[in-house]
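First the structure, in the form of structure tokens, and then the observations on it.
The values are calculated or read from the model by the stated rules, or taken from the named source; none is laboratory data. What you see is a predicted model; the values in this text were computed from it and never measured. Quick reminder, even Gly has a Cβ in these numbers, built from the backbone with ideal geometry, and neighbours come from all protein chains shown.
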Amino acid sequence: MAARFNPLEADARWQKLWEEQGTFHASGDGERPRAYILEMFPYPSGRIHVGHVRNYVMGDVLARYKRMKGFDVLHPMGWDAFGMPAENAAMENKVHPGAWTRSNIETMRAQLKLIGLAIDWSREFATCEPDYYGHEQALFLDLYEAGLVYRKQSEVNWDPVDMTVLANEQVIDGRGWRSGAPVERRKLNQWFLRITDFADELLDGLGELDQWPDKVRLMQENWIGKSQGMRFRFDLAEPVAGEAGFEVFTTRPDTIFGASFAAIAPDHPIALALAEGNPALAAFVAECKLGGTTAAELETAEKKGFDTGARVIHPLDPDWPLPLYVANFVLMDYGTGAIFGCPAHDQRDLDFARKYGLPVTRVVAPSPEEADEPIGDEAYSGPGRLVNSRFLDGLTAEDGIREVIARAEAEGWGEGTTAWRLRDWGVSRQRYWGTPIPIVHCEACGPVAVRRDRLPVVLPEDIDFETPGNPLDRHPSWAKVDCPECGGPARRETDTLDTFVDSSWYFIRFASQPGDAPFDPVEAQRWLPVDQYIGGVEHAILHLLYARFWTRALQRIGRLDVEEPFRGLFTQGMVTHVTFQDSDGRWLTPEEAEGHDGPVTRGRIEKMSKSKRNTVAPEPIVDQYGADSLRWFMLSDSPPERDLEWSESGIQGSWRFVQRLWRLAAEEAGRGSSTWLGDDEDTGLDRKVHRAIAAVSANIEALAFNKAVANLYELTSALEKAPLSPSRSRGVETLIRLASPMVPHLAEEAWAAMGQDGLIAHAEWPAADPALLVEEEVTIAVQVNGKLRDTLTAAKGASREALEEMALASEKVARILEGKAPRKVIVVPDRLVNVVA
RNA sequence: GCCCCCGUGGCGGAAUUGGUAGACGCGCUCGACUCAAAAUCGAGUUCCGCAAGGAGUGCCGGUUCGACUCCGGCCGGGGGCACCA
């Protein structure tokens, strides 16, 4: 028996065996209960680092555990393979995005295989292959036909040099991140998915996701942003461009008598109409269009308005005109793009009113005496009753809201309604490396869906990135097609789909992948929803919301009867590492920093990233310490939802433990556990083993891997110290089973050495014997006035009287009591006695 | 600005419903083995104190026989949203 575990030799041997035997193939035979464990699939950016490893190892432990518990486990892996970095690489290095992506996939797959993940590789796919995106096009057309896809003009950040649309994150200080050119706002025709149709369901559905972190549910709730209020009509004193008035949205209709102005967005139709005859207003509207849409810019932007000269009529008083402003802080795409200003009770309206000398009337007062208390620099948003509000006086805000809505509905000038922060999902991207939108534009017929038998619409290979802009748009022939309806000349849509579409249904494709359809609903429904989904918090909103939407949309159109895609969600922490910079601020790898001439600054400990050059590759670690040491370290110490700092001492500690475990198992195996005939003294070892079984199981189920690791350390120490006995032999065997999801290579090796048949991957998870979990003796804490003074050992279940008597017999207690009788004695059976002096 | 989370040894972190704070790991100290080192093993390691003992979970206060845990108010760190009417 080897004294040391040699991962260099053993890891590959077991990995090969697992692969040959198809050990981790999901069978779907229906004989066992199913478990679907999924980690968010990676973007093939180049190489994986240990941060990815942590993510996949967590899912792997769970998958292996579930398999041993008797589940038919689906644990797949694939590639979120469309995206901008491939196009950037194409522009920089003159490589085709496809070649770049596929070569990265090769590399990263090989890297992942080194870790020994229990993955069903037979289901692997990449979203950039027509095999996948063709089905996505079919699903897109399903939604299109169901009316869940539409086209509209929408404002985008346009980089005039690169001739491309930029995401908000790509706009830095108002300039394109790549070209440095000032970004323009431009209106383009874009495709949208009607996610707002599902706003209510998506919000309500959060209530049932009790295996999601509260934080993520809250974030989604805020993102959806439901606001209840009312919509009502302002009549204009004089019609504008044939319009007699317009609608506003408010959450505080109760403050309607505090109104002192109305304001509309710069791009509101009324504003545009008024601007036509008013050059100063036109200039103001143009000015509002300048400036980016980033948060920082909005924060510093001054609240500005322009008095149009037009007047609106107060809905509850025909003799009360209000000035109509165009204001830069009113957004066209929230509510109705128009508001009424109530300066006394809204800070922004107050600032605006003060600036333009508008009246400020208090209509809510905390007490009757304060009804005419003037408003200072701060708007009053606290509780109170309505004042100066005619028929509303004396009502609470809630009653006032109800009253105004009731009256408006009765008189027909307004109604109770709901506004959402959530907007429809714009999915058009002016890029090459994405799923082509399967639509053809015909001059005669307008936009027409590509015929199903012509799918997939495949990306052309012969493209060039020499000139800026979308290569699909410039391609000499690709876009030229005949109209599917009239056969006349037509042009393909050259925009591609947002890559978030690709990741909105990949988990369905993993569950079922027929060649002629996106999925088989019956087979997919057997696996879905995903039992445990694991990934980074950075996807808490967009990806998870889009996937929830897509699933519900498929349900609505009758394609798949699943409501929520992910039953359990776990957001894991990052792996962090120190960063280094040289005197010019260039990032250095830790190795470079060590051998660098000149000053080196040791920076913050940060999330591993390519740009900060602080990533740690798995290969050298696996070469030196083996996959199991790496896996063990990724699970140790830090709670999985928090960040884990990479450290050399950490991986070394893991290596030590792996060897310790091996020694323990190998010694036992060398002796022949089954033939050991020594005395089986009851040292309490069996109890320790069974407590460990219960604890490790519970902690894995709760994804508290750091605690499961601590349990295994404890059990290992206890077994090492225990005298040789059958109990110890059984204990070691149990330990190996319990540790096997974390250190599978070592576990297989030890399992074989112990003479066990078959793979430990197929072995049963040990069951804790309830009889052995019950303590016979317990340690009782003895307190005086809540301070620990002594401990004593008592039989489990000892009576209150007996415990009290034992506690009072304690010398230490007696010394503190100094002969005085205790005032009171609190006894918590099996736990403590508190003597109150 | 609004919403949320977190503050425990030198470090990462444990601590069912309020019931022995510091499990487990890292690091460190001492010791064993060794010519020596590595590896390994043993002991110790919250702070003050030789000890007896005392203090202690960011700070202040409260509830309770008893508070890391519950409540109120501060301070510090992190995250999300952000002209949302």
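Here are a few things to note about the model shown:
- Selection status of A:Gly376, at positive phi and part of a loop (DSSP other than H, G, I, E, B): no
Conditions tested, residue by residue: (1) more than 14 Å from RNA strand B (Cβ to nearest atom); (2) part of a helix (DSSP H, G or I); (3) loosely packed, with under 15 Cβ neighbours inside 10 Å.
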residue	(1), (2), (3)
A:Gly335	no, no, no
A:Ile339	no, no, no
A:Leu350	no, yes, no
A:Arg362	yes, no, no
A:Glu369	yes, yes, yes
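- Residues that are surrounded by 16 or more Cβ atoms within 10 Å (Cβ to Cβ) and near RNA strand B (Cβ under 10 Å from one of its atoms) within segment A:232-256 comprise A:Val248, A:Phe249, A:Thr250, A:Arg252, A:Pro253, A:Thr255, listed in sequence order.
- Scanning segment A:383-395 for residues that are surrounded by 15 or more Cβ atoms within 10 Å (Cβ to Cβ) and within 40 Å of the chain's Cα centre (by Cα) returns a single hit, A:Gly384.
- Members of segment A:716-751 found to be more than 10 Å from RNA strand B (Cβ to nearest atom), in a helix (DSSP H, G or I), of a type in the set (Ser, Thr, Tyr) and closer than 23 Å to A:Asp637 by Cα, listed by number: A:Thr734
- Qualifying residue in segment A:121-130 (condition: touching a His at 6+ places or on another chain (Cβ under 8 Å) and modelled with pLDDT of 95 or more): yes
- Hey, A:Glu764 within 30 Å of A:Ala26 (Cα to Cα), of a type in the set (Asp, Glu) and in a loop (DSSP other than H, G, I, E, B) or not: yes
- Residue match in segment A:527-547 (condition: within 16 Å of RNA strand B (Cβ to nearest atom) and without any contact (Cβ under 8 Å) to a residue 60 or more places away in the chain): yes
- Subset of segment A:796-834 that is farther than 25 Å from A:Glu775 by Cα and in contact with a Lys or Arg (Cβ under 9 Å, 6 or more places away or on another chain) - its residue that is surrounded by the fewest Cβ atoms within 10 Å (Cβ to Cβ): A:Arg815
- Residues of segment A:637-664 satisfying the condition of being among the small types (Gly, Ala, Ser), more than 6 Å from RNA strand B (Cβ to nearest atom) and not in a helix (DSSP H, G or I): A:Ser647
Residue-by-condition table, conditions (1) under 23 Å from A:Val440 (Cα atoms); (2) more than 23 Å from the chain's Cα centre (by Cα); (3) at pLDDT below 90:
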| site | (1), (2), (3) |
| --- | --- |
| A:Leu148 | yes, yes, no |
| A:Asp159 | no, yes, yes |
| A:Asp162 | no, yes, yes |
| A:Ala167 | no, no, yes |
| A:Arg175 | no, yes, yes |
| A:Gly180 | no, yes, yes |
| A:Gln211 | no, no, no |
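- Filter result (under 30 Å from A:Arg186 (Cα atoms) and not in a helix (DSSP H, G or I)) within segment A:128-154: A:Cys128, A:Ala146, A:Gly147, A:Leu148, A:Val149, A:Tyr150, A:Arg151, A:Lys152, A:Gln153, A:Ser154
- Criterion violated by A:Lys607 - all others in (1) under 30 Å from A:Pro744 (Cα atoms); (2) without any contact (Cβ under 8 Å) to a residue 40 or more places away in the chain satisfied: (2)
- Per this entry, A:Val216 is counted among residues that are farther than 19 Å from A:Asp498 by Cβ, in contact with a helix residue (DSSP H, G or I) (Cβ under 9 Å, 6 or more places away or on another chain) and among the hydrophobic types (A, V, I, L, M, F, W, C).
- A:Ile605 within 16 Å of RNA strand B (Cβ to nearest atom) and modelled with pLDDT of 90 or more: no
- Taken over segment A:791-837, the criterion of being near RNA strand B (Cβ under 10 Å from one of its atoms), in a strand (DSSP E or B) and out of contact with any Pro (no Cβ under 8 Å at 6 or more places or on another chain) is satisfied by A:Thr791, A:Leu792, A:Thr793, A:Lys824, A:Val825, A:Ile826, A:Val827, A:Val828, A:Leu832, A:Val833, A:Asn834.
- Top-ranked residue of segment A:503-529 - restricted to ones that are within 19 Å of the chain's Cα centre (by Cα) and crowded, with 24+ Cβ neighbours inside 10 Å, ranked as nearest to A:Gln220 (Cα to Cα): A:Ser504
- Complete set of residues in segment A:323-333 that are within 6 Å of RNA strand B (Cβ to nearest atom) and either out of contact with any helix residue (DSSP H, G or I) (no Cβ under 7 Å at 6 or more places or on another chain) or over 11 Å from A:Pro266 (Cβ atoms) (or both): A:Val330, A:Leu331
- Residue match in segment A:460-478 (condition: touching a Gly at 6+ places or on another chain (Cβ under 9 Å), in a loop (DSSP other than H, G, I, E, B) and at pLDDT below 95): yes
- Single residue of A:Ser503, A:Ser428 found to be touching a residue at least 24 places away in the same chain (Cβ under 8 Å), of a type in the set (Ser, Thr, Tyr) and under 17 Å from A:Lys152 (Cα atoms): A:Ser428
- Hits in segment A:686-715 - residues which are within 9 Å of RNA strand B (Cβ to nearest atom) and either within 15 Å of A:Leu772 (Cβ to Cβ) or crowded, with 20+ Cβ neighbours inside 10 Å (or both): A:Val709, A:Asn711, A:Leu712
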